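Reviewing the structure listed below.
The values are calculated or read from the model by the stated rules, or taken from the named source; none is laboratory data. Since the structure is predicted, the reported quantities are computational estimates derived from the model, not experimental observations. Cβ: placed from backbone, ideal geometry, glycine included. Neighbour counts: every protein chain shown.
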Amino acid sequence: MASGWERTLESVKFNGLRTVCTVSCWALTGTLAYFLWIKPRQEQPKGAALAAYRALESDPHRYIPKMKPIPDPNIYSLWLKAHQEQHELASDSWRE
């Protein structure tokens, strides 16, 4: 007949084995779920966008805009002002 501590040791050993099986089953289930449901949904938009782009590129009757874009006057004026100031500074340093 087994004493109390031996029964406790056997109980811990078998419960530990059950715990390992449970954890490994959950790990396997989580891995399968990730590769079967989550990863394909994350990759789907990339593939769908690529397929749409290829369909647009292969369309011979697609619209191609022929107008040049209208530049923003504020950006151009700031650029022009900065270049004029640089030009004035360069010409002033040359005269001195």
Unmet requirement for residue 46, which otherwise passes all of (1) at pLDDT 80 or above; (2) exposed (fewer than 10 other Cβ atoms within 10 Å of the Cβ): (1)
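Here is a yes/no grid of residues against (1) modelled with pLDDT of 80 or more; (2) loosely packed, with under 10 Cβ neighbours inside 10 Å:
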residue	(1), (2)
6	no, no
10	no, no
32	yes, no
36	yes, yes
50	yes, no
62	no, yes
76	no, no
